[in-house]
Amino acid sequence: MDFVRIILTSILSVVGLFIITKLMGHKQVAQLDFFDYVSGITIGSIGAELATELESPWRPLIALGVYGLVSMLFSLFALKIPRSRKIINGTPTVFFSDGTLYRDNLKKAKIDLNEFMLLCREQGYFDLEDIKTAVFEHNGRLSILPKSDRRPIAPRDMKISVGEESIPLQIISDGTVVEKNLSLIGYDRRRLEKELGMMGYKNVGEIFLAVFNIDKKTIKVFDTN
């Protein structure tokens, strides 16, 4: 009997977490601010408790709903009331600008010099001489503005005109033809198999991924080892 109740409470936990996360919206881990991060951990913990609570599953279920509702209200306040964003999300902090390191700002963010240098290296900057300004965002990521003479060259810098590129369409995914995308490019199975045969492939099932380049009108096959 307890085994059945555990299954039922586990299903209830999964359904509750699914609904809460859908209502709260989608954010990558790197985009979470401190409150969202802590709230997410707490909601997950309550969901785990709900899965094993056999006597009164409604208690963690209510707590799950309360935490989800509070998180949504905070997000709504931040969206509708700009002034509340500083309190809820925090503000960006300048760590480095024009050759000057702001030690007090590093201390406020609880970031030491080694951690700051690590964040810079993760962005591809090993020398502070290449950086004009480094800003620590409220979601914990470091944004870097390179010096004008150290930034990558763009086509507009060379006064070169380039055309817009389209996103390649997946036409085969894990050995299965994506019929919807195939029809978008005006292909049928017979034509696809013919072109793949010319590339040396005997059947669709042996292909892990194939994409169609809309601009070049070509098929690119990606093999796996």
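The values are calculated or read from the model by the stated rules, or taken from the named source; none is laboratory data. This is a predicted model, so every value here is computed, not measured. Note: ideal-geometry Cβ built from the backbone for every residue, glycine included; neighbour counts use all protein chains shown.
Tabulated results
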| read-out | value |
| --- | --- |
| Failed criterion for Thr133 (all others in (1) closer than 21 Å to Ser39 by Cα; (2) at pLDDT 90 or above hold) | (1) |
| Candidates Ser39, Ser71, filtered to the one that is at pLDDT below 75, of a type in the set (Ser, Thr, Tyr), in a helix (DSSP H, G or I) and within 23 Å of Arg141 (Cα to Cα) | Ser39 |
| Unique residue being of a type outside the set (A, V, I, L, M) and in contact (Cβ under 8 Å) with a residue 12 or more places away in the chain when the list is Glu115, Glu195 | Glu195 |
| Test: residue in region 200-220 that is without any contact (Cβ under 8 Å) to a residue 40 or more places away in the chain and within 30 Å of Thr100 (Cα to Cα) | no |
| Qualifying position, being more than 20 Å from Gly40 (Cα to Cα) and either modelled with pLDDT under 80 or in contact with a Lys or Arg (Cβ under 8 Å, 6 or more places away or on another chain) (or both), among Ile111, Ile81, Ile87 | Ile81 |
